[in-house]
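Here the structure comes first, spelled out in structure tokens, and everything after it is commentary.
Derivation of every value follows stated rules applied to the coordinates shown; laboratory data play no part. The structure displayed is predicted, hence computed values, not measured ones. Cβ atoms come from the backbone with ideal geometry, glycine included; neighbour counts cover every protein chain shown.
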Amino acid sequence: MSPMALQFLILPSQLWDNHVRGFPAILLIHGLYMIFNNPYVLSLDYDEPGGSGILVAPDIAVVPLCDLVQGPTMPYPGPPPGDIDGNPHARVICEVALHQDTQDWELKCQNWLRQQYVRYVFGIKIHGMRDAQNAQGQNHRSMTAKLWRQGAPPPGYIEWDFGTVQRHSQTLTNCNAAGLPAFQVQIPTSEIFWDPPILAGVPIVLGYNAVAPPALTIANVNIDLYRIQQLVLRSQLNH
């Protein structure tokens with residue numbers, strides 16, 4: 001993927017809830033930076049999608065550059081929608097939770113989908129460490145990943161149990177090697193450039209199909225959950 005195609009926005013100030021020896025930043029960078037290839041660390045704030053008027057920021061936002069999609073033609077918040085600095089709205093959002101409880105994390109992820117320009121939300125919930133350890137002396141841990149898709153039929157997401165042990169169980173998961181098809185997260189590249197025509201400030205989505213720029217030949221962004229699992233295990237405070 002061309003490094004000039006995307007802005008990859010990491011918000012260190014938003015990671016305080018998850019910070020343990022810095023592993024959330026490593027986790028997020030490994031999961032997405034190695035794919036998108038060109039990070040820009042910027043301030044990124046949006047109107048809360050639920051209409052509260054509060055400015056909110058995700059842990060990570062994947063944003064197409066203005067020369068590849070329609071940027072806001074009117075001052076914030078558009079249309080088309082954007083952030084307070086005039087960037088196009090993110091099409092992919094990533095939210096990671098460590099201390100945040102599961103229900104709050106899920107609600108936060110789902111809330112982003114109230115903005116139709118958000119096409120996918122990738123969420124990771126890192127559950128508490130177990131007392132038992134693996135052969136490498138690392139404490140076992142359950143981890144959940146969910147990928148929500150705009151407009152998907154109920155339940156609206158795909159879920160993976162990708163830690164070393166299953167949630168609410170001592171049973172080992174099958175996420176035990178890199179490259180396993182069952183533990184790959186794929187996001188269509190074209191959806192990152194979702195950019196319907198706009199008439200009188202309203203996106204015309206009927207009959208519209210997103211298309212990636214011709215120079216981009218990668219059909220899907222792929223995230224290997226095993227690699228994220230291993231980064232968490234290596235970075236946690238094992239005891």
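At a glance:
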quantity	calculated
Net length gained if the chain between residue 180 and residue 234 were fully extended (0.36 nm per residue, minus Cα distance)	17.4 nm
Extension gain from residue 202 to residue 73, taking 0.36 nm per residue of separation minus the Cα-Cα distance	45.2 nm
Residue 114-residue 149 pseudo-label distance in nm [points 7 Å out on the Cα-to-Cβ vector]	2.4 nm
Stretchable slack from residue 66 to residue 136, in nm (0.36 nm times residue separation minus alpha-carbon distance)	20.6 nm
